[in-house]
Amino acid sequence: MAEGLTSIGSVAGDLFASIEKQRSKKTARELTLIDKGLEIAQVRPEGDDVTFMHSILCQIGLPRSKFDGDRFERKNGSAALEVRAGSIWTGTDMVQQPIPYGPIPRLILAYVSTFAVRERTPEIPFGESANDALRILGIDKGGPAYKMFRTQVSALAACSMTIGFTAGDRAYTFHGNPVEQFEAWLPGQEGQRSLWPSSMVLGRRFYETLLDHAVPVDLRAFSSLRGSAMAMDLYLYLVQRLHRISRPVGLTWWMLKDQFGQEYVGEDALADFKKKFKKALAQAQSVYPDAKIEIVRGGIKLFSSRPAVDPKEAKRLRV
């Protein structure tokens with residue numbers, strides 16, 4: 001018996017040593033995602049852990065990096081998204097804004113969409129001070145994130161979107177501003193040196209379609225991916241797609257590049273995209289443990305998977 005116990009203890013020790021060895025090869029960010037994935041696997045999201053995103057923005061995302069120009073377009077099969085830069089009144093001048101890009105506007109959209117869906121209102125508050133706005137979005141005060149938030153919330157509030165899609169033998173085009181009205185504190189108030197958001201009102205059409213087509217998302221997972229806009233986009237795509245398919249779906253690398261990597265150009269564009277995509281996919285899968293995906297010759301294969309959020313919980317939060 002003692003020998004058996006010793007043997008079991010030895011095996012367990014070897015197992016833990018192996019796990020620690022594997023963990024030692026991971027970066028701090030990879031370890032954070034692994035730990036978050038373990039938490040998500042053990043505890044399903046509910047209450048404040050559930051956020052909502054517009055279904056269109058789960059299929060076609062904003063630019064992932066800084067975009068030069070005032071018009072951006074991304075396609076996905078029979079659908080497309082066009083984003084145009086707009087202007088913001090600063091109290092003294094109309095100032096042209098850039099196209100919103102990167103992780104922060106994605107987090108902002110998650111916050112405003114969730115508030116709109118759960119409270120059934122297009123008017124979204126950001127708190128009584130700049131610090132409140134940062135806290136609500138889980139963004140650390142100070143440093144580059146502080147400045148980036150200020151830039152991106154103004155860019156998002158100013159932009160306009162055009163969505164096009166094909167259904168049957170007809171082509172549809174929808175024009176609208178995600179944000180109809182933007183209210184901000186002037187510089188000097190609340191100790192601020194530039195405009196900070198107080199509230200925004202969603203555009204009527206955006207708000208109405210959001211209520212009808214909101215996708216429930218695990219906020220713990222989505223927020224943990226903020227280091228990679230591509231990983232955030234992949235996670236949203238998988239969350240809205242995997243639970244709706246009934247049979248395996250194959251996607252070639254070229255199809256994936258058309259949807260997620262249109263910015264990759266040049267002789268090695270596909271190879272560069274595949275490298276970045278595989279890394280982002282691994283990150284997205286680490287925080288969506290139920291996602292069933294295989295990398296196969298020529299692309300990937302998707303399989304029907306359990307929803308990231310229990311449909312009953314999502315329905316409860318939308319009432």
From the list ARG64, ARG135, ARG118, pick out the single residue that is at pLDDT 90 or above and part of a helix (DSSP H, G or I). ARG118
Here are MET230, MET255: which of them is modelled with pLDDT under 95, surrounded by 14 or more Cβ atoms within 10 Å (Cβ to Cβ) and either at positive phi or not in a loop (DSSP other than H, G, I, E, B) (or both)? MET255
The lone exception for ILE293 - which of (1) out of contact with any helix residue (DSSP H, G or I) (no Cβ under 8 Å at 6 or more places or on another chain); (2) in contact (Cβ under 8 Å) with a residue 40 or more places away in the chain; (3) outside any helix (DSSP H, G or I) it fails: (1)
Residue under question is SER198, and the condition is that it be in contact with a Phe, Trp or Tyr (Cβ under 9 Å, 6 or more places away or on another chain), in a strand (DSSP E or B), of a type in the set (Ser, Thr, Tyr) and closer than 24 Å to LEU137 by Cβ; does it hold? yes
Considering residues of the stretch 277-317 that are among the basic types (Lys, Arg) and under 20 Å from the mean Cα position of the chain (by Cα) only, the residue nearest to GLY47 (Cα to Cα): ARG306
Whichever residue in the stretch 168-218 is farther than 25 Å from PHE67 by Cβ, modelled with pLDDT of 85 or more and small (Gly, Ala, Ser) and, among such residues, is surrounded by the most Cβ atoms within 10 Å (Cβ to Cβ): ALA214
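The values are calculated or read from the model by the stated rules, or taken from the named source; none is laboratory data. None of the values given here were measured: they were computed from a predicted structure. Glycine also receives a Cβ, built like all others from the backbone with ideal geometry; neighbour counts cover every protein chain displayed.
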